[in-house]
1. Treating only the Cβ of Lys, Arg, Asp and Glu as charged (+1, +1, -1, -1), what charge dipole size does segment 1-89 show about its Cα centre? Round to the nearest 20 debye.
2. Take residue 50 and residue 38, extend 7 Å from each Cα along the Cα→Cβ direction, and tell me the distance between the two endpoints in nm.
3. Give me the extension gain from residue 75 to residue 26: residue separation times 0.36 nm, minus the current Cα-Cα distance, reported in nm with one decimal.
4. FRET efficiency for residue 82 and residue 11, Cβ-Cβ distance as r, R0 = 41 Å, nearest 0.05?
Amino acid sequence: MPIQLVRKPPIGKTAGGRLKGTLVGNHTLDEKLCMAMQIIHCLKLEGFGNAGTIDFYIPLIDSELHPLTHFANGNLIAEYNMRIDSPYQSAADEYDRLPPLSGPRPY
């Protein structure tokens with residue numbers, strides 16, 4: 001099904017310039033990522049190449065479609081936010097993780 005723009009009803013509209021994207025149905029996280037990429041591609045075709053902070057909510061379910069409420073360690077999912085500040089990891093973060101050189105050093 002192609003991406004659709006559905007007009008909001010006149011009641012409950014907010015004045016902000018935010019677009020709500022809905023990824024319908026129960027799918028794997030990889031499939032949801034694919035759906036999100038399709039929305040991003042559509043926005044880029046419309047001339048929107050940048051975005052501000054995006055909040056998205058993931059109702060997590062198990063393989064039998066039952067809602068999940070806790071992480072494996074017992075912590076409540078609703079008590080946490082996942083945050084990422086940059087899509088690109090700094091090369092300096094990985095530099096010290098290189099395996100040590102074996103043999104004599106050239107200096």
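What follows is calculated from the coordinates using simple rules that are stated; it is not laboratory data. Keep in mind the model is a prediction, meaning the values are calculated, not measured. Neighbour counts run over all protein chains shown; Cβ positions are idealised from the backbone, glycine included.
1. That gives segment 1-89 a dipole magnitude of about 560 debye.
2. The two pseudo-label positions are separated by 2.9 nm.
3. Residue separation times 0.36 nm, minus the Cα-Cα distance, leaves 15.3 nm.
4. 0.80
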